[in-house]
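One structure is given below, encoded as structure tokens.
The values are calculated or read from the model by the stated rules, or taken from the named source; none is laboratory data. The structure displayed is predicted, hence computed values, not measured ones. Cβ placement follows ideal geometry from the backbone for every residue including glycine, while neighbour counts extend to all protein chains displayed.
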Amino acid sequence: MSTIFRTRSYYVAPNVVGDCEYVKSTERSLTFRWMRVQAAINYRLVGHSVDMSPHTNSTIVTGLTPGSRYTFTVWAVGARGLRSNNITCSNSTGSFCPDYHSVSVTEFSALVK
């Protein structure tokens, strides 16, 4: 007599992404990083379109508006698409400051364009 064994697979959502922090900003980009999650097969960031791999723990978001505040939501994606709880990261891009050129300078005034 043969016995048939059935195995069941259980999938658990990955742990929450931890310690999301701002790293760098320019006029049109923000860089964030976070602690990697062991069971993650991918990461998702909502707030702007960004592609990330499971082997990274940072991202650069580009194409942003100078002098604007942005908030992003990050979560880890595990097996079968199960998601961790999310965490938010936020910061502002640098202010836009165009190059000014001196046109004329006197003792009492300066004209810049």
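If you filter region 10-43 down to residues that are among the aromatic types (F, W, Y) and part of a loop (DSSP other than H, G, I, E, B), you find that the one that is nearest to S95 (Cα to Cα) is Y11. Quick one: would you say V46 is touching a strand residue (DSSP E or B) at 6+ places or on another chain (Cβ under 9 Å), at pLDDT below 85 and closer than 20 Å to S92 by Cα? Criteria met by V46.
Among the residues of region 59-95, those identified as within 10 Å of the chain's Cα centre (by Cα), surrounded by 14 or more Cβ atoms within 10 Å (Cβ to Cβ) and of a type outside the set (F, W, Y) are T59, V61, T73, V74, C89, S90.
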